[in-house]
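Visitor: Handing you this structure, nothing more for now.
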Amino acid sequence: MYSSLLVGLTLAVGAPGKESPAKDPPSIVGEWVGEKAVAGGKEQPVPAGGITFTFTADGKMTVKEGARDKTDTGAYKTDAKKDPAEIDIIPPEDKKEPTVLGIYKVDGDTLTLCFARGKAGPARPSKFEAPEGTDAIVITLKRAKK
């Protein structure tokens with residue numbers, strides 16, 4: 001009897017169950033505080049007073065630099081189905097600036113953004129790196145504590 005119980009348990013544990021539903025990727029919605037940035041291979045200082053990025057569920061974004069009390073607004077679109085996930089930063093119409101194409105990843109409470117900042121036109125990076133001699137920037141943010 002003991003051997004049939006073991007066989008039964010083994011079959012029950014090893015049997016494939018229903019696949020768990022696909023999880024939604026982590027969201028960037030919320031407030032994020034700048035931790036560091038690397039542009040063209042060089043560490044960039046965090047602006048005096050800090051910097052925060054706020055992404056809302058309706059596609060709006062705000063970037064606030066602390067000491068200068070400077071706030072930029074715009075919109076954003078993401079495509080989490082791409083690998084790496086893509087983000088488009090859309091400036092307000094009155095700025096007459098091009099959409100900034102980038103990639104992003106969320107790992108727990110860390111958001112990493114990567115953009116190309118060049119004058120050559122909007123090119124989307126494919127890796128989270130900003131080596132020397134490039135116009136790429138990688139920004140690391142932490143989810144703001146509530």
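Visitor: Against the 2.2 N^0.38 Å scaling, with N counting residues, where does the stretch 30-143 land? I'd like the Cα-based Rg ratio to two decimal places.
Guide: Dividing the Cα radius of gyration by 2.2 N^0.38 Å gives 1.01.
Visitor: Under a plain spin-label model, where a point goes 7 Å from the Cα along Cα-to-Cβ, how far apart in nm are Asp88 and Thr62?
Guide: Spacing of the two 7 Å Cα→Cβ label points: 2.4 nm.
Visitor: Past 28 Å, Cα to Cα, is the threshold; run Lys64/Lys145; Lys95/Lys146; Lys96/Lys146; Lys64/Lys127; Lys42/Lys81; Lys60/Lys96 against it and keep the listed order.
Guide: Details: Lys64/Lys145 16 Å; Lys95/Lys146 32 Å; Lys96/Lys146 35 Å; Lys64/Lys127 26 Å; Lys42/Lys81 31 Å; Lys60/Lys96 17 Å.
Correct reply: Lys95/Lys146; Lys96/Lys146; Lys42/Lys81.
Visitor: Taking K and R as +1 and D and E as -1, what net charge do the other residues with C-beta under 14 Å from the C-beta of Lys82 add up to?
Guide: It works out to a net charge of +1.
Read the figures in this text as sums done on the coordinates, not as results from a lab. Just so we're clear, the structure is a prediction, and the values are computed from it rather than from any experiment. Backbone-built Cβ (ideal geometry, glycine too); neighbour counts: all protein chains shown.
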